[in-house]
Structure formats: C-alpha cells, structure tokens
1. Can you work out the Karplus-derived ³J(HN,Hα) for every residue in the range 304-319? Use 6.51 cos²θ - 1.76 cosθ + 1.60 with θ = phi - 60°, whole Hz, and x for glycine or proline.
2. When 82, 43 are ordered from fewest to most other Cβ atoms inside 10 Å of their Cβ, what list results?
3. What distance in nm lies between label points placed 7 Å from Cα along the C-beta direction at residue 403 and residue 68?
4. Consider a paramagnetic label point 7 Å from the Cα of residue 83 along Cα→Cβ; state which residues of the range 313-340 have an amide N under 11 Å from it.
5. Would you mind pulling out the separation of the Cα centroids of the range 298-319 and the range 280-297, in Å?
6. When 417, 407, 213 are ordered from fewest to most other Cβ atoms inside 10 Å of their Cβ, what list results?
7. So, in Å, what gap is there between the alpha-carbon centers of the range 31-57 and the range 1-25?
8. If you rank 294, 422 by fewest surrounding Cβ atoms within 10 Å, what's the result?
Amino acid sequence: MNVLLVTVDSLRADRVSSSLMPETRSFADDSLDFTQCIANGPSTPASFPAIHASRHFASIEGLGIPPRDEDSDIRTLAEILSATGYATAGYTDNHFASGSYHYDRGFDTMHDASGTAEAGRLKQFVQSNLDKDSILFKTIESVYNRADALFANATGNDSEYERAASLNEHALNWIDEQSDDWFTWLHYMDVHHPYEAPEEYQQQFLEEPLSLSRCRGLARKGTHHPEDVTDEEWDLIRGLYDAECAYVDDQFEALLKALRERDLLDETVILFTADHGELVGEHGHAGHPPEFWEGIIRVPFILSHPERGADTVDGQIRLLDVAPTIADAVGHDAFDGWQGASALAVADDEVDAREYAFGDVGRQVEYGRCCARRADGWKLLRHDEDGEFCFDIHETPAERPEDDRSSDAHPQYDELSRALDEHQEWMQRLREGGSVGIAEDDEMVEEHLRDLGYME
C-alpha cells in the first residue's frame, strides 16, 4: 500500500468547506474526516516534530529533530517506512520543514526549494541591509515591498514559495519511476503569508487583483503592525487568504486526478492535514503568532484508505497522531518512542478521544507560551506576559475577552492547569534527557525566521 502525506502550511480547519475548497471538502466527505484535530504548536517549527516524529516540540532542546542516532528514542515516519522497504521522497519549500532541521531523515529523495531559491537569497540580502529600528522604518518598508516584488518579477517567480503545482509535478515524476510501495510527502506553502494567489483566484474574492508588492505589503502590515490595519485592509487580507485556499484546493484535486489516471488511488493511503492554522483579523492579528487561539490550532485531518468507508469522527486527536495513524493504516507497528497513537482507534471506537491535546512554543520565551485543550472543549491558554485564558470552546467559540473564565476560580481551570503543569514538567525532563535539535540562537534560525516573515 502506497502512502501520500499532504501537509498545507497555515491552513485552518474551517476553510475546508464546500464553498471555499469544494474538491477537498468532497475528498473529506468520502474519507475519514477528523473534525477535532489539534496542532501541537502554532508554527512550523513547533508542529513538525509532531507530524514527522510524533514528538512534542518542547520535548526536544532546540528546533527541528536531532540527527540520526541508532540509540535515540526519536524515529521519523519516513525512517520506519523506509526500513520496511518503502521508497521515500519529500517535497518542501519551508526551511523549518527541511533537511536543515533533519527532516530529511528516512527520505531517499528530498526536494528542498527553500535552500536553493535565488529570490530567497536576494530577499535575505535586502532584509539584512534595511534599518528596521529607525523612525523611517515605514518608509523603508514600503520601498522594500516594491523591491521585493521587483526581485520576484526579475527572477520569474510570481510567488514567495514554490507553487503547489510545481511540487505536484516533481512528486508525480518521482512516483512514475517507482515499481514498489512508496511514501511521498508534499508540503504546500501557498496558504502561508504573504498571500499572493494567481490573479484568477484573487478575482473570485476581490474586486480586482492586487499587485505582488501590495500583497506582500499587506502581509507584513498584518503580521508585524496589526494595530495599523484598517477594516478595508482586513477584508483584503481575508480575501487574499481565501484565494490561496482556493488555489490549493485545485492543486490537491489535480494531484488526486493524476493518481487516479495512473490507477494508484485504490492502492494509496492519503492523509491531508496542516501544520497549524492562521488568523486573519481575529484577536487583532494576522498570520500565526505564538498563541493558541482556535483559528491557529484547529487543523484538517482527513484520511482516505482504500479499504475503509467514509465517516465523520468528532473525537479530539492531535498532529502527534499522524505518524502512528499512517503506520497503522498500512499494517505496521508504531515506534515505541512515538508520543502519539493511531487515530484509527478513535474512529473505530476502540479508545476514547484524546483527553488532552497540548501545544508548546519555546523560542525566547522559555516555553511560557503553551496550551491544554480537553476533549470536552475546555481549554487553557498560557500566553506568557499576556496572561492566561480559559474558555469553553463549545459554548464560546469566539474566545472573546468576556468569555474568559481563568479568573473565576472555575474547577475546570484548576484541572487544566494541573494537566498543563504536568505536561511541561514531562517536557523539561525529556529535554534534559539529551534530545537536541538546532540551537534556537543559531544564526541559521534567525535567517530562516526572516525568510518566512516571522521577524522584521
């Protein structure tokens, strides 16, 4: 049985709808659709240890996963499948989901567009030579937006990242060369800011398409200066985000069609998910800040298995469950060191929903930003210096300030707080046990954060 894992950067669960992403919605309706999948972090660095290695981000010192070590308790899904005879290939254009952070472990082939794009190097040069602390910053920033677009046009790239259509082509060419079972992972970056979908998709959501410079300027303003964004600009940002979702919908359908034409759908397990979601104006933010609002941590998790029927599964699961679920789906045992478990057991009512889903983010905040979400909808968010928040998501899904129950001496708050404390203590013990990735103060990390728009 072949395996296809498609992860979409920054795709929130509520966008997989019949009106916005009809092809993906149709795929979900014909598959196991897990409606309550929780990302174990609010960013790519925080979520990909969970996806590939079924490990909480906070259980590893630094970013990424450690290099290969036979004695380590960390194994990737690709390593497990490769050891059983699978040919393996990965396709990405995100530094933090690349070989730079050891996510090439287990892959025979790794296409890493983030490490080769000339436009990325030019962008980094411009960013490194602008004084963003001066009083002229906004003027300089507007110049940068135009320069950034000029560089993109000069290199022939109409997008900050390699498009999903291009990744599909690379992957399908590789699949065509395989004679035995294969595992292919594609990570689409199109939905990640800056939102700059092709014009025909922008026209579906905006009165007229925006220039590349305007798209990127809005992304930077929404991400770094959300307090300055006008209502009209928030509408544009939402329209641009939805346009990217519509584009990804078409590309995912194109990938499925290509597999169908090759008579591969009936022998391929397909998992479609996202590393985290996105804010498009909620809580005064754009993008995915290090916070744990529902728009950021609820992601799609859709599993198609040739031997299983369609079903909707409302029990809570986590991205930690990706690797164990896929291993289970193709008849292999989970690796002992994985912290997740197969979601198929939840779908089959063999086990209850995951009682807790935990999220962590660590960069420069000593893991002071974290969350616990309980299967019944109660949720505790710790946002470091911004304080704690406690919500009943089922009753108050908007997570408004007036819905916060953290100061009510509510019994649910006490239980969530104890569970989160225990989780963080466990994570600290694991970090001290020697699992080491890339140091967070490594110069490469800052460069990659700048490339992806997390830092000015």
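1. Along the range 304-319, the couplings run 9, 10, x, 9, 10, x, 7, 6, 9, 10, 9, x, 5, 10, 9, 4 Hz.
2. If I rank by nearby Cβ atoms, fewest first, I get 82, 43.
3. About 4.7 nm, to one decimal.
4. Within reach of a label on residue 83, which here means backbone N under 11 Å from a point 7 Å along Cα→Cβ, the range 313-340 contributes 333-338.
5. Their Cα centres are 24 Å away from one another.
6. Exposure proxy ranking, most exposed first: 407, 417, 213.
7. So the separation of the two Cα centres works out to 14 Å.
8. 422, 294
FYI, it's all coordinate maths here, none of it is from the lab. Model, not experiment: these values are computed from the prediction. Please note: Cβ atoms are built from the backbone with ideal geometry, for glycine as well, and neighbour counts cover all protein chains shown.
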